[in-house]
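Single-structure report; data block below.
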Amino acid sequence: MLVYAPAMTMPADKNPIASLAERLGPRGFTDDPDTMAPWLIDWRGRINGRARALLSPATVDEVADIVRVAAAARIPIVPQGGNTSMVAGAVPSPDGDALLLSLRRMRAIRSLSPADNVLVAEAGCILSDVHDAAEAAARRFPLSLAAKGSATIGGLVSTNAGGTQVLRFGTMRSLVLGLEAVLPDGSVFDGLTALRKDNRGYDLRQLLCGAEGTLGVVTAASLRLVPAAARRAVAWVGLDSAQNALDLLRKLESATAESVETFEIVPADGLDLVLRHIPGTRAPLSGRYRWNLLVEATAPASAADPGESLGEALAEAIEAGLIGDATIAASETQAEDLWRLRESMSEAERIDGVAAKHDVSVAVSHMADFMASARTEVERRFAGARVLAFGHLGDGNVHFNVRAPAGADDRAWLASEGAAVTELVHDLVTAAGGSISAEHGIGQTKLAEFARLGGTARLAALRAIKSALDPHGIMNPGKLIPLAPARAAP
Ligand SMILES: Cc1cc2nc3c(=O)[nH]c(=O)nc-3n(C[C@H](O)[C@H](O)[C@H](O)COP(=O)(O)OP(=O)(O)OC[C@H]3O[C@@H](n4cnc5c(N)ncnc54)[C@H](O)[C@@H]3O)c2cc1C
């Protein structure tokens, strides 16, 4: 591990913005409003920001120069990857004070070592490019999510992203072996190791994972690879009880020697939205079930076909009345079609209208109860409100979204009721011992709720770490860390 400060290569006599324009050149600097516009609005189209300029460095030394200039001039920096954040984490504030720092030009795969099972990718590398590079070396990077065509390694690290394989491989934190990052004073933390064990005290790598750009700019990551999955079995299951789904998960895990890595839940009305809004999709089962599950099990070439054990276990579950029906994809095309139904959920929901969105987790064994009791409570307090809970049931994490009553003006309903709905859902999840942010982070949109429910000790520790590493508060201000409460007047 090495922290170094590269030699300053900046002209010192200019104003900071002019210096940066000169240092980065036209490919790396723009303040043209039209070019910046698409990157100043969040993925869900709710939050608009402004910036002094959009900076697109191509090397770690350029990133370090930018951060040092910004630190000296106390100019805020907002790091941005694919801008797919669900909590508007990568959009600057509307005051227009900040520099938007895009990592998208830093997209090289620096190395891949099959012997170490490690791939080193730059921060702007898109997740699907990492998948392709690993596959070309008969390996796999086992983290995937619906935004894989846009989300970048830097963003995935900085949000500690989850996705659809957490059940077996964990979140980004468990897949990052090392990081290279520019810290808020412009020094470079060179922690890009392939070490599996490293006990040199506080783990800066883990501190940067999930830091949402508030402690520095991630410029590259060494990522853990696993052997390629030679065979996969993908099933779609229909059932009427979410509690039965969890019983099914445990049965499938033992029947398939723990090769189940995806266990996602989609409610009937969620599947309806996908079928209505996403062209080319069709219902995989003839009956309509209250709940649907997408299940994937994988195995290396040397192991038994996971499709056989999965098929047998699902047949037994139908026989036992645990589930209503199931189908296993007979080809890769069919497998992709089933995946598309799950991965299109957010997009279909977005097309259908706005919703109060919540990304919550509770203990896996409590999730069925939580979904039922929270729905009852929301419907009792907000007449006609429609709950749509879907997602990573196997991890105890669902997107618990609440839509306006049918026929209502959904934007007006959200404006008048949204905050109260969110407070209720977050109170319920907190009372159930869960988290108000399972995988999307805090960003801007959950800041007030994090301040309300984060807990005194947790928030104080976060603020202390932030001010130790970023004393001038230039790194992504207004995200993740709620401002310290004002002192009571004497
Ligand atoms: C359709 C869809 C499905 C999704 N599904 C999932 C899912 O299943 N699981 C999940 O966890 N998330 C999911 N997300 C959310 C999102 O994809 C992840 O949060 C992802 O990690 C963001 O990557 P990004 O490159 O777009 O980051 P951005 O949105 O650009 O940034 C996210 C945060 O990271 C910071 N950041 C970005 N790059 C850097 C860097 N190099 N250094 C320091 N800070 C940086 C930003 O400042 C911001 O705070 C989904 C999003 C969409 C649109």
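The values are calculated or read from the model by the stated rules, or taken from the named source; none is laboratory data. The structure displayed is predicted, hence computed values, not measured ones. Cβ placement follows ideal geometry from the backbone for every residue including glycine, while neighbour counts extend to all protein chains displayed.
Things worth noting here:
- In segment 74-116, the residue that is farthest from the ligand (Cβ to nearest atom) out of those that are outside any loop (DSSP other than H, G, I, E, B) and surrounded by fewer than 17 Cβ atoms within 10 Å (Cβ to Cβ) is SER113.
- Restricting attention to segment 285-306, the residues that are more than 21 Å from GLU343 (Cβ to Cβ) and either among the polar types (S, T, N, Q) or not in a loop (DSSP other than H, G, I, E, B) (or both) add up to 3.
- Single unsatisfied condition, THR171 versus (1) more than 10 Å from the ligand (Cβ to nearest atom); (2) surrounded by fewer than 23 Cβ atoms within 10 Å (Cβ to Cβ): (1)
- Subset tally (residues that are surrounded by fewer than 20 Cβ atoms within 10 Å (Cβ to Cβ) and touching a Lys or Arg at 6+ places or on another chain (Cβ under 6 Å)) for segment 371-401: 1
- Number of positions in segment 383-397 that are touching a strand residue (DSSP E or B) at 6+ places or on another chain (Cβ under 8 Å) and not in a strand (DSSP E or B): 5
- The set of residues in segment 453-473 that are β-branched (Val, Ile, Thr) and within 23 Å of the chain's Cα centre (by Cα) contains only ILE465.
- Members of segment 198-234 found to be within 21 Å of PRO57 (Cβ to Cβ), part of a strand (DSSP E or B) and either aromatic (Phe, Trp, Tyr) or within 14 Å of the ligand (Cβ to nearest atom) (or both), listed by number: VAL217, VAL218, THR219, ALA220, ALA221
- The set of residues in segment 180-197 being within 15 Å of the ligand (Cβ to nearest atom), outside any strand (DSSP E or B) and among the hydrophobic types (A, V, I, L, M, F, W, C) consists of LEU183, LEU192.
- When GLY418, GLY441, GLY433 are screened for being within 25 Å of the chain's Cα centre (by Cα), assigned to a loop (DSSP other than H, G, I, E, B), more than 20 Å from ASN160 (Cα to Cα) and touching a residue at least 40 places away in the same chain (Cβ under 8 Å), only GLY433 passes.
- Within segment 440-476, the set of residues being within 15 Å of the ligand (Cβ to nearest atom) and under 21 Å from ARG44 (Cβ atoms) comprises HIS440, GLY441, ILE442, GLY443, GLN444, THR445, LYS446, LEU447, PHE450, ASN476.
- Screening ALA115 with (1) touching a residue at least 40 places away in the same chain (Cβ under 8 Å); (2) among the hydrophobic types (A, V, I, L, M, F, W, C); (3) over 14 Å from VAL218 (Cα atoms) gives one miss only, at (1).
- Annotation note: of ILE323, ILE318, the sole residue that is more than 28 Å from the chain's Cα centre (by Cα), β-branched (Val, Ile, Thr), in a helix (DSSP H, G or I) and on the phi < 0 side of the Ramachandran plot is ILE318.
- Looking at GLU253, GLU258, GLU308, GLU264, just one residue is at pLDDT below 95 and buried (at least 18 other Cβ atoms within 10 Å of the Cβ), and that residue is GLU253.
- Verdict on PHE400 being within 12 Å of the ligand (Cβ to nearest atom), of a type in the set (Phe, Trp, Tyr) and either under 27 Å from GLY433 (Cα atoms) or in contact with a strand residue (DSSP E or B) (Cβ under 8 Å, 6 or more places away or on another chain) (or both): no
- Residue in segment 255-264 that is away from the ligand (no atom under 16 Å from the Cβ), in a helix (DSSP H, G or I) and over 30 Å from PRO114 (Cα atoms) present: yes
- Unique residue being surrounded by fewer than 21 Cβ atoms within 10 Å (Cβ to Cβ), closer than 30 Å to ILE66 by Cβ and either assigned by TED's automatic domain parsing to the domain that holds ALA71 or not β-branched (Val, Ile, Thr) (or both) when the list is GLY443, GLY473, GLY454, GLY433: GLY473
- Residue within segment 48-56 that is in contact (Cβ under 8 Å) with a residue 60 or more places away in the chain and either within 16 Å of the ligand (Cβ to nearest atom) or touching a His at 6+ places or on another chain (Cβ under 6 Å) (or both) present: no
- Residue count for segment 132-156, restricted to those that are within 7 Å of the ligand (Cβ to nearest atom) and part of a helix (DSSP H, G or I): 3
- Single condition LEU215 does not satisfy, out of (1) within 23 Å of the chain's Cα centre (by Cα); (2) surrounded by fewer than 23 Cβ atoms within 10 Å (Cβ to Cβ): (2)
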